[in-house]
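J.: Can you keep this structure in mind? I'll have questions shortly.
Just so it is clear, none of the values below were taken in a lab; they were calculated from the coordinates. What you are looking at is a predicted structure, and each value in this text was computed from that prediction instead of being measured. Cβ coordinates were reconstructed from backbone atoms using ideal geometry, including for glycine residues, and neighbour counts include every protein chain displayed.
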Number of protein chains: 2
Amino acid sequence: MHQSATIKDVALKAGCGVATVSRVLNNTGSASPEMRSRVAAAVKELDFQFSEVGRSLQSSTTRTIGFVVPSIANPVYADALQGAQEVLTSSGYQMLLICTNYSPESELSAIRTLISKQVAGIVLTVSDAERSEGLSIIRNRSLPHCLLYNNAPVSHESWSVDDEAAAARVAQAFSENLHNQTGFLALNFNKSDRARQRYEGYCAGCKARGMKKPQLLEISEDFEDLTMKLKLFLRENPSITGIFASNDFLALAIVRSARKLALNVPRDLSIIGFDGIDVGLMVEPTLATIVTEPKMLGAGAGRTVLSFINKTEFPKPPSADQTFNFRAGGSLAYLGAESSDDGKITPFPSSFDPTN
Amino acid sequence: MHQSATIKDVALKAGCGVATVSRVLNNTGSASPEMRSRVAAAVKELDFQFSEVGRSLQSSTTRTIGFVVPSIANPVYADALQGAQEVLTSSGYQMLLICTNYSPESELSAIRTLISKQVAGIVLTVSDAERSEGLSIIRNRSLPHCLLYNNAPVSHESWSVDDEAAAARVAQAFSENLHNQTGFLALNFNKSDRARQRYEGYCAGCKARGMKKPQLLEISEDFEDLTMKLKLFLRENPSITGIFASNDFLALAIVRSARKLALNVPRDLSIIGFDGIDVGLMVEPTLATIVTEPKMLGAGAGRTVLSFINKTEFPKPPSADQTFNFRAGGSLAYLGAESSDDGKITPFPSSFDPTN
DNA sequence: AATAAAATTGGAAACGTTTCCAAACAAGTT
DNA sequence: AACTTGTTTGGAAACGTTTCCAATTTTATT
């Protein structure tokens, strides 16, 4: 790989000092028109571009924001990154992305790496915000940062869904549709404080509405055995009429499993999901779920870090109850009179109902 | 933000020269045990970390690979990035990510930015590989790089699906199921050479099998008017029995639209998608589609760039026909005898068939 | 004890920028 | 003609590393 031209090469070709080249190209300080055109010519001829490395060393700051997320493949984070990306790009910043694959151990090294690369700020999702070593390092160095999908004690340093409140809203939805005993379906329960918070919020919500304590159905990485697990789960808890899945993929998977067990959703089993991915609207029955806005959150976290850097006013994160919305859908049945009462929630399958 | 400690601070605290600190910490050259422990103590006390910026300036290389993709939110790219990320991380490299939002104009500036940040290599998806200015710059500088989802003349510098062959395979599937006249549904047709290649491959495939030339149904960003468009489309082309959607989301959307028009999928209209996202297996009917492996491709592209850098042997991309697989599904009907003949392709809806 | 060989150490240059400062020059003003 | 003022210019230091090289110290050999 042949070496890039440096400012020295340009100065040589233009017959001036490096200081002059720097001034001309950055439009800082004065220069004669004659000089300007000579520099311009040299730049063109050499296809010169500044080395950001040299600049960063001198200015001791990079135009780079570090991101630490558990996964890129998970659409929640992908969307959040997309939102952040757009904000960053329009401010001339770039995104240095590290993925922890849900492994808490790699969080710390990710953060150290970002620090040594001298990122101007960090947006991060950790497995446990209360006791993250990486996070304390960031705070110690007072590096501009913002949590994403973790709740922070200080409001302005976190953009996140209020998982507990959202889960309680799910309990409310079940309760309003006269469900009493439900289950909670989780994956990776121990690897993230988010799943736990959803469970706790859900339990609290059920309790507050006089419902039975939800039963926990936990599964491993592969969905393979989900159908069998569901079968056993329903056998052990025969009075369960609904399941809250901690994300929409799990919700769709459990719908499929129910179908395999000859159960009709929602007549025999109602399902509510979490996240609000678009696909939920395309399936039949449509998926009742909590709708969140990952893109907005990612963009917010990005803007927060930028305003730390630029010392401008912080964007205001949405208040707790504005971080999500409940979306009704065909996968949630009303357990009252057998005849449907509002035409919207259908106790009978509506798969090929053209009006839907 | 308080300044980080530098190697000078460490040298001062340990009472030695900076050269010694560098040698000790990098384990290059010799040092007395006594010296080693003094340096270690100083490092610990100051929480010292090397500045990669200083290192990069000196070594004129960064441990960073640049990525240019059209979108992060699109699960195809998200998965590819995930795959690449894992490869990079295990080799101690980081990912600098720039997203072009399908705008060809921003490709060039993205690439310039990456070059000025002195990335060690670039993985990129461009809108048109044949005439990408950014790509020629990269080639001119002989920067380690690899195309992703673009086909390159030189085989080892590209990891991609063979869109034409895959689309032809779709034509084969339709043909084998006795469909004769079909449609091709595309979004952003003009913004990417991939959609075009799929269309061309599909047309060629249909022709080769004696099917009628596929009609083009093109839609804009929002899916809002899709149902209406489909209605008009089918009115104008009443003999159409199947639609090839250029990605799975479009496929799911068109299934929904068909449902809204009181059409039964697959009895009245068969659908084949492209990409093979997991959700396709969870919906009812399951989606017939071309399955690709974005993660594998992303990982491959990452490995290719790394082997450029390390001058090791290139990983071999899969041969054209190994880049995809056709997956049968309930959304494709056999148009032969009304009674089903192999029990797999069901001409009648099987939504609540417990055996499915 | 004298010498050779090996190990340990630190100074200084280099990487590509920006910016301070002083020098050189041009153009007015007496 | 002798100033002042203002504009244009380039040298040099600094940012944080690595590495070459020479100087010093230790160890081994005679």
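J.: Can you name the number of the only condition in (1) within 29 Å of A:Thr20 (Cβ to Cβ); (2) hydrophobic (A, V, I, L, M, F, W, C); (3) away from DNA strand D (no atom under 16 Å from the Cβ) that A:Phe50 fails?
T.: With (1) within 29 Å of A:Thr20 (Cβ to Cβ); (2) hydrophobic (A, V, I, L, M, F, W, C); (3) away from DNA strand D (no atom under 16 Å from the Cβ) applied to A:Phe50, the lone miss is (3).
J.: Looking at (1) touching a helix residue (DSSP H, G or I) at 6+ places or on another chain (Cβ under 6 Å); (2) part of a strand (DSSP E or B), which one does B:Phe274 not meet, given that it meets all the others?
T.: Of everything listed in (1) touching a helix residue (DSSP H, G or I) at 6+ places or on another chain (Cβ under 6 Å); (2) part of a strand (DSSP E or B), B:Phe274 misses just condition (1).
J.: Hey, B:Leu232 hits all of (1) surrounded by fewer than 20 Cβ atoms within 10 Å (Cβ to Cβ); (2) touching a residue at least 24 places away in the same chain (Cβ under 8 Å) but one; which does it fall short on?
T.: (2)
Residue-by-condition table, conditions (1) among the hydrophobic types (A, V, I, L, M, F, W, C); (2) closer than 19 Å to A:Leu250 by Cα; (3) within 14 Å of another protein chain (Cβ to nearest Cβ):
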{"position": "A:Thr125", "(1), (2), (3)": "no, no, no"}
{"position": "A:Gly134", "(1), (2), (3)": "no, no, yes"}
{"position": "A:Asn140", "(1), (2), (3)": "no, no, yes"}
{"position": "A:Ser160", "(1), (2), (3)": "no, no, no"}
{"position": "A:Ala186", "(1), (2), (3)": "yes, yes, no"}
{"position": "A:Asn190", "(1), (2), (3)": "no, yes, no"}
{"position": "A:Ala208", "(1), (2), (3)": "yes, no, no"}
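J.: Could you grab the pairs with beta carbons closer than 6 Å, sequence gap of 6+ or different chains, first residue in the stretch A:9-28 and under 13 Å from A:Ala40 (Cα atoms), second one of a type outside the set (A, V, I, L, M) and more than 10 Å from DNA strand C (Cβ to nearest atom)?
T.: A:Ala14/A:Arg38; A:Val24/A:Arg36
J.: Ok, one more. Please specify each residue of the stretch A:64-94 satisfying the condition of being closer than 30 Å to A:Ser4 by Cα, among the hydroxyl-bearing types (Ser, Thr, Tyr) and at the interface with chain B (Cβ under 9 Å from one of its Cβ atoms).
T.: A:Thr64, A:Thr89
J.: Can you name every residue in the stretch A:1-42 that is of a type in the set (S, T, N, Q), assigned to a helix (DSSP H, G or I) and within 11 Å of DNA strand C (Cβ to nearest atom)?
T.: Those that are of a type in the set (S, T, N, Q), assigned to a helix (DSSP H, G or I) and within 11 Å of DNA strand C (Cβ to nearest atom): A:Thr20, A:Ser22, A:Asn26.
J.: Among the residues of the stretch B:56-63, are any assigned to a helix (DSSP H, G or I), within 12 Å of chain A (Cβ to nearest Cβ), within 30 Å of the chain's Cα centre (by Cα) and of a type outside the set (Val, Ile, Thr)?
T.: Looking through the stretch B:56-63, at least one residue is assigned to a helix (DSSP H, G or I), within 12 Å of chain A (Cβ to nearest Cβ), within 30 Å of the chain's Cα centre (by Cα) and of a type outside the set (Val, Ile, Thr).
J.: Quick test of your reading of the structure: B:Gln94 fulfils all but one of (1) in contact (Cβ under 8 Å) with a residue 24 or more places away in the chain; (2) closer than 24 Å to A:Gln58 by Cβ; (3) within 16 Å of DNA strand D (Cβ to nearest atom). Name the failing condition by number.
T.: (3)
J.: Let me ask something else about it. Using the structure shown, decide if B:Leu97 is away from DNA strand C (no atom under 12 Å from the Cβ), part of a helix (DSSP H, G or I), facing another protein chain (nearest Cβ under 8 Å) and in contact with a Phe, Trp or Tyr (Cβ under 7 Å, 6 or more places away or on another chain).
T.: In short, no.
J.: Still on this model: Can you spot a residue in the stretch B:15-23 that is away from DNA strand D (no atom under 11 Å from the Cβ) and farther than 18 Å from A:Ile111 by Cα?
T.: Taking every residue of the stretch B:15-23 in turn, at least one turns out to be away from DNA strand D (no atom under 11 Å from the Cβ) and farther than 18 Å from A:Ile111 by Cα.
J.: Right, something else. Taking the conditions exactly as written (crowded, with 23+ Cβ neighbours inside 10 Å and either more than 11 Å from chain B (Cβ to nearest Cβ) or in contact with a strand residue (DSSP E or B) (Cβ under 9 Å, 6 or more places away or on another chain) (or both)), does A:Ser307 satisfy them or not?
T.: no
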